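Notes follow once the structure below has been shown.
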Amino acid sequence: MKIAFLGTGLMGRPMASRLLQAGYEVVAYNRTKVKAFPLESIGAKLVDQPEEAIELASVIILMLADFSAIQAVLFPTINQIKWEAKTIIQMGTISSQQSLSLKEEIEKRDGEYLEAPVLGSIAEAEKGELVVLVGATQAQFERWLSLLRCFSPEPVYVGAVGQAATFKLALNQLIASLTASFAFSLGLIKKKGIALDLFMQVLRRSSLYAYHFDKKLDRMWEENYTNPTFPLRLLYKDVNLMIEEGREVGLEVETLSVLSHLLGKAMDQGWGERDYTALSSIILGRT
Ligand SMILES: NC(=O)c1ccc[n+]([C@@H]2O[C@H](COP(=O)([O-])OP(=O)(O)OC[C@H]3O[C@@H](n4cnc5c(N)ncnc54)[C@H](OP(=O)(O)O)[C@@H]3O)[C@@H](O)[C@H]2O)c1
């Protein structure tokens, strides 16, 4: 089976490499071609235009930054492609509405569409240990399970297209909120000169503890936001999608609006390419 892999950024590169290791033929496209060169050295065919990859493959995996990147890659030539017998598996983080609109565009051209956004980052992508959340029909889930197992030991069936997109945003909401909460507590501890070890010992024994805190502790305490696995600009995009989704169902989105404002401030400082924990710089008042 030939797979077109569109978007070989931080996550796409290790994911495409998992497919190659599993013996799939991969045709890769990335807007900045040089970023796909490591895949060429392990057997991928690289192309200059997305439609070249799509023409050659029966399955097209999208691992692009956001919906506008998907539009830029897919839409200019969407009417020139024969979609019959082609399946798109959209794996980036987009909203349920965006995912449903893609499904409509592909299905009206007789193609197949499902969504499979992922939880986990580069390390998990390299090991095939992502959590893959599938929004599809049950029959599609079963059909594509062995392929999705390249990325995850046990892909999770969530429901119809749109449901997995929302599920993923519900999880990322926790990334944003936990990071902001922890940043504030660490800020108080730091600025008042209280012993960090003691604070962490007590936190770890309490019901307030989340594994996320220890995972991000060193970065946040040392204020080291280099070598991002998940750049701040992507969390900013996700928080804005959460606001849209929340509004649609009548949720109060004020806390997320504040997070969006803080992340927006970080973007204005030019910190979009830093690790998302750079959100704590804003909370620490490092402007
Ligand atoms: N990083 C993570 O830990 C993580 C985890 C789970 C889910 N995700 C989600 O997965 C998706 C990919 O994440 P990532 O970390 O791999 O992001 P990334 O490193 O920024 O890669 C994004 C990809 O989209 C392409 N792109 C962006 N704008 C484009 C445009 N206008 N036209 C054509 N191509 C465009 C980029 O091409 P260039 O290389 O030319 O810029 C690159 O291939 C995102 O939706 C993200 O939210 C990320």
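Some observations on this one:
- Computed E for Ser181/Ala139 - FRET, C-beta separation, R0 25 angstrom, nearest 0.05: 0.05
- For segment 2-160, the extents of the C-alpha atoms along the principal axes are 37, 34, 25 Å, listed from largest to smallest.
- Approximate spin-label separation Thr226-Arg31, in nm, with each point projected 7 Å along Cα-to-Cβ: 2.7
- Relative exposure of Met267, Met1, judged by other C-beta atoms within 10 Å (fewest first): Met1, Met267
- Panel order for Tyr236, Tyr211, by other beta carbons found within 10 Å of each beta carbon, from fewest to most: Tyr211, Tyr236.
- The GluC sites (Glu not before Pro) of segment 189-287 that DSSP puts in a loop, and whose beta carbon has at most 16 other beta carbons within 10 Å, are Glu223, Glu252, Glu273.
- Evaluated on segment 165-283, the Kirkwood hydrodynamic radius is 14.9 Å, with distances taken between all distinct Cα atoms.
- Computed over the chain, Kirkwood Rh from alpha-carbon pairs, angstrom: 20.0
- Separation in nanometres of the label points that stand 7 Å from Cα toward Cβ, at Ala160 and Glu107: 0.8
- Put simply, when 255-265, 26-36 are sorted by average Cβ atoms within 10 angstrom per residue, most first, you get 26-36, 255-265.
- For segment 70-82, putting each phi into the Karplus relation 6.51 cos²θ - 1.76 cosθ + 1.60 with θ = phi - 60° gives couplings of 5, 4, 5, 7, 9, 6, x, 10, 4, 7, 8, 9, 7 Hz, in residue order, rounded to whole numbers and with x for Gly and Pro.
The numbers here are math on the coordinates, done by the rules we state, and not lab data. Note that this is a predicted model, so its numbers are computed, not measured. Positions of Cβ are backbone-derived with ideal geometry, glycine not excepted, and every protein chain shown enters the neighbour counts.
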